[in-house]
Each structure stands twice: as structure tokens, then as C-alpha cells.
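**Student:** My questions will all concern the structure given below.
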Amino acid sequence: MIALLTGVISESMFEKNQLKIEEDRKEKEATTALINEICETMYARMPHGADTEVSIEDIMETGPKTEEPSKEVGIDLRTIA
């Protein structure tokens, strides 16, 4: 009887852990999508030539401007590595 209860408890814990892992994965995917959207928007606003390259100076100027939109969607870019 104890072995049966132990098995049921273990399986329940495993299922809860799997659900948590799946929720975390979905949250990370959503965060990644938001970061991509912010980066694409910022890139589109930067001056770039036909070769699609952006100067380092333009990127450095954009850095401070990126912080505000990212905070609006709940992303602290300083914590992303």
C-alpha cells in the first residue's frame, strides 16, 4: 500500500514539474519574441545603407533609447545575458 502511495505521489510531482518546465519554456519564448520585436523596430529606425549595415555609432546612440521600450513590456535588458 505504501509503495502505491509513493508511486502516486512521485508521479504527481513529476507531472507538476513537467508542467512548470513547459510554462517556463513558453515564458522564455514569449520574452525572446518581444526582444526580437524591439530589436527589429530599433533596427528599422536606424539609418542604414543598401548593404543593411548599421554603424557602431548609431548602435551606441540607440542603446539608451532601447531601455524605455523594453521596460514597457517588462524586460530589463541589463539582466539578459
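Coordinate-derived values only; no laboratory data. Just so it is clear, the model here is predicted, and its values are computed rather than measured. Note that each Cβ is placed from the backbone with ideal geometry, even for glycine, and that neighbours are counted across all protein chains shown.
**Student:** Please work out which one of (1) surrounded by 10 or more Cβ atoms within 10 Å (Cβ to Cβ); (2) outside any helix (DSSP H, G or I) is the condition GLU37 fails and give its number.
**Tutor:** (2)
**Student:** Determine if segment 2-18 includes at least one residue that is under 25 Å from the mean Cα position of the chain (by Cα), aliphatic (A, V, I, L, M), surrounded by 10 or more Cβ atoms within 10 Å (Cβ to Cβ) and not in a loop (DSSP other than H, G, I, E, B).
**Tutor:** no
**Student:** Okay, next question. How many residues does segment 40-66 contain that are part of a helix (DSSP H, G or I) and not basic (Lys, Arg)?
**Tutor:** First, the residues of segment 40-66 that are part of a helix (DSSP H, G or I): 40-45, 56-66.
Imposing the further condition that a residue be not basic (Lys, Arg) reduces the set to 40-44, 56-64, 66.
Final tally of qualifying residues: 15.
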